[in-house]
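Heads up: the structure comes next, in structure tokens.
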């Protein structure tokens, strides 16, 4: 069977989560195209899709409890998009794609993009 390795265990073996992840993220974002195989509605392989246009922003945050955090701003929706797992899988860590590592993903919000990002559910004004 396939072994799922938590990312922090990988870092202990190759020296520093932040440095490893920072380099992998920089390499990924420097690519002009990131092809990903897609599946058709019937489950059979379909044409590859370039997910690079759907990565709006990505940043490495300061370590929290000794582990690094990535903040991703990704396009999703009927006009095309990408899953955070597809992006994380394409990070080249230690020369390999990172698909076999365990990631914890937390969605912080959904936004509408027109000329700028807009919160579709803005907080109500506080009544005094």
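From 40, 81, which residue is exposed (fewer than 12 other Cβ atoms within 10 Å of the Cβ) and either at pLDDT 85 or above or in contact with a strand residue (DSSP E or B) (Cβ under 6 Å, 6 or more places away or on another chain) (or both)?
Unique residue meeting the criteria: 40.
Looking at 59, 47, can you tell me which residue is under 21 Å from residue 108 (Cβ atoms) and assigned to a strand (DSSP E or B)?
Numbers: 47 fails: under 21 Å from residue 108 (Cβ atoms).
The unique qualifying residue is 59.
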Neighbours by Cβ (under 6 Å, 6+ apart or cross-chain): first from region 91-109, under 16 Å from residue 18 (Cα atoms); second modelled with pLDDT under 60 and in a helix (DSSP H, G or I): 91/98; 94/14; 101/7
Counted residues, region 102-128 - those being touching a helix residue (DSSP H, G or I) at 6+ places or on another chain (Cβ under 7 Å) and modelled with pLDDT of 75 or more: 1
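The values are calculated or read from the model by the stated rules, or taken from the named source; none is laboratory data. Being a predicted model, the structure only gives us computed values, none of them experimental. A quick note on method: Cβ atoms are made from the backbone with ideal geometry, for glycine too, and the neighbour counts reach across all protein chains shown.
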